[in-house]
Amino acid sequence: MLRSGAGHPDAARSQASTSRQLSPEEEAQRLYATLNDYLLLEHKAQPRLCLPVESENGEVTTGARDGAAHVLRCLKVWFDLPADVLINAINLFDRFLTKMKVRPCHVPCITVSCMNIALEQYAAETNTKRSISVEELVSISQSACTAGDVVRMSRVLVDKLSLAGGARAATALDWLRLLRAVLLLHAPAASVQEEELVQLLEIVSCDAACVNTRTSELALVVLYYKLEEQLAEWSRASEEGGALPEDAYVLIDFARQLQAHCNMSEAALSHARTRVRHVVSRYERCEARRDQRQRLVWRLSERTLKVLRPTDRLTSLLPTIEEQHFAVDATPTRNRSGSECSENEETSDWPRSPVLPVYCDN
């Protein structure tokens, strides 16, 4: 959807190596040219969902949409995929639900298909070979569909979303990286780590409350959510006797200029800020209640246990050994059959219960 020039997401990556040789004026011109290109085509990649909270006539609800987004994030974590794939897959899912009326039974297949298309587009952009097959996506996602279903659904998505050209739209992640680069150009002292911003954007993108927010507004709100911590730290330092850094005034002026340049109204920006804060606070409360080490329980049947390790013919009991104190040579011989095991039932490494506890650090 974006032309291959200064505004294309690939152009920002390909010119990253040459940006060090540019002067600050040339770098600013390149970034603002990309910003203008993003603004021209922002409406084409903007979802406009209107999903009910409860399904009345077999419609997809906001809960189903959030569930699909979390499945995509689980796939991203499982396969260790970059954030570009996740944000693009969520954007494809929301845009498809905006154009098409979908039945709830088709949501799992559409979810995996969006991840499939996002993987194809990322491999084409980075000129790398795709390492995850469709069969692996279907197996890990447990979507109850076949690889052929995903391939056919992917063709439908490509046709309905006009993705035949291979180019993708600028997502909120592209906007976030662009705004961060522009911010650091004006205020180098602003400490905003890209990893923290990307993680925050993933949390916000998985919630349906922020799905209809403009990608530029969402990226700006996420960026300033982290910058508020920096501004609060500078304010505390100034109250203790230190002077407020000049970059603090630059940040405030930068926000006003960017808001005017992108035609962001104060009401829309305030509404987006409220929704982002609500989503992040709810996520932090859930994380605070959850233990650092999560205990997962796999329930297996007796038949599955026998397939994994045949223990039906093993026993933990041994015959009693009678000791002879007076006649050393009269010690009885010890007979053991191959069907007996010397393991104690309480200290056995294989549980006798069909419930197997599994621990993970995530």
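What follows is calculated from the coordinates using simple rules that are stated; it is not laboratory data. Not measured: the values here are computed from a predicted model. Positions of Cβ are generated from backbone atoms using ideal geometry, with glycine treated the same way; all protein chains shown enter the neighbour counts.
Data for the structure
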| item | result |
| --- | --- |
| Sequence-distant lysines (8 or more away, or on other chains) whose Cα lies within less than 18 Å of LYS76 | LYS129 |
| Pairwise FRET efficiency - VAL156 versus LEU49, Cβ, R0 = 22 Å, nearest 0.05 | 0.75 |
| Rounded FRET efficiency, nearest 0.05, which uses the C-beta distance separating ALA144 from ALA267 and R0 of 41 Å | 0.40 |
| LYS99-TRP78 pseudo-label distance in nm [points 7 Å out on the Cα-to-Cβ vector] | 2.7 nm |
| Positive minus negative residues near CYS206 (Lys, Arg vs Asp, Glu; Cβ under 12 Å) | 0 |
| Region 172-289: C-alpha gyration tensor shape, a/c 1.5 cut-off, then a/b vs b/c | oblate |
| Taking the C-alpha atoms of region 44-160, convex hull volume expressed per residue in Å³ | 101 Å³ |
| Computed label-point distance, nm, for sites ASN57 and GLN199 using a 7 Å Cα→Cβ extension | 4.4 nm |
| Three-way shape label, region 119-225, alpha-carbon gyration tensor, a/c 1.5 | prolate |
| Modelled FRET efficiency - R0 35 Å, ARG277 with GLU135, Cβ distances, 0.05 increments | 0.30 |
| Nearby lysines by direct alpha-carbon distance to LYS99 (threshold 21 angstrom, same-chain neighbours under 8 apart not counted) | LYS44, LYS160 |
| Fewest-first sequence of MET115, MET100 by Cβ atoms within 10 Å of each Cβ | MET100, MET115 |
